[in-house]
Amino acid sequence: GANALVGTETLKVITEDPNNFEAIKYHLLSWDVVFEKQPDLMKELSHPIGRSSFMSAIANVANTGLTLNPAKALAYLIARADKKDAPKRFCLDISYRGLLWVATNEGIIKTSYEGVVREGDEFILDKLDAAPVHRFNRFALDRHKKPVVGPYCSVKLPDGSWKTVTMT
């Protein structure tokens, strides 16, 4: 399947038998989806550091409730080395979408909106507890060609106020 969800069964298998890759592959509903775009990750599993860090990364996926489904873009398995010739360790990289998903599911925020301000857009952020105003022609075919002024993210908090962060 294309779900790539890591659930409590996978976490149980990892805990009980961390070297049983066949059982883990069975519980990782889409092992192929996780590894098909990063075939070099498979060779890292042959090293003990790669195997143990892989188990840790998968446990982190299960504990956060995220998915490795690339269509959702919530989290990714990345292999990184501390030094040039050192064995790589698997890391769970949580994307900004994944962070927002966790924050929404945990009730930390109610909703979020991310946007990119481009040259010619109107962007007004003059109230600390209100969402910004971002006006632009959503149907302009050449909008993506205009220079980027900066991205922003607005979140609605449980008390109804808004928090916006801008980046330049």
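The values are calculated or read from the model by the stated rules, or taken from the named source; none is laboratory data. This is a predicted model, so every value here is computed, not measured. Virtual Cβ from ideal backbone geometry, glycine too; neighbours counted across all protein chains shown. What goes into the accessible areas is simple: the full protein's heavy atoms, side chains included, and nothing from ligands, DNA or RNA. Shrake-Rupley method; radii C 1.70, N 1.55, O 1.52, S 1.80 Å.
So which residues in the stretch 132-156 are open to solvent by 70 Å² or more (accessible area, probe 1.4 Å), part of a strand (DSSP E or B) and touching a residue at least 24 places away in the same chain (Cβ under 8 Å)?
Val148, Val149
Just to verify a result, which residue in the stretch 157-167, among those that are of a type in the set (A, V, I, L, M) and in a loop (DSSP other than H, G, I, E, B), is modelled with the highest pLDDT? Break it down stepwise before answering.
The initial filter retains those residues of the stretch 157-167 that are of a type in the set (A, V, I, L, M), namely 157, 165, 167.
Subset that is in a loop (DSSP other than H, G, I, E, B): 157, 167.
Numbers: Leu157: 95, Met167: 90.
Out of the qualifying residues, it is Leu157.
Would you mind finding the one in Ala62, Ala71, Ala57 that is closer than 26 Å to Ala103 by Cβ and open to solvent by 50 Å² or more (accessible area, probe 1.4 Å)? I'd like the intermediate steps shown before the answer.
Working: Ala62 fails: open to solvent by 50 Å² or more (accessible area, probe 1.4 Å); Ala57 fails: open to solvent by 50 Å² or more (accessible area, probe 1.4 Å).
From the options Ala62, Ala71, Ala57, the qualifying one is Ala71.
Name the single residue that is least open to solvent (accessible area, probe 1.4 Å) among those in the stretch 74-111 being under 30 Å from Asp159 (Cα atoms) and more than 15 Å from the chain's Cα centre (by Cα).
Only one residue tops the list, namely Ile109.
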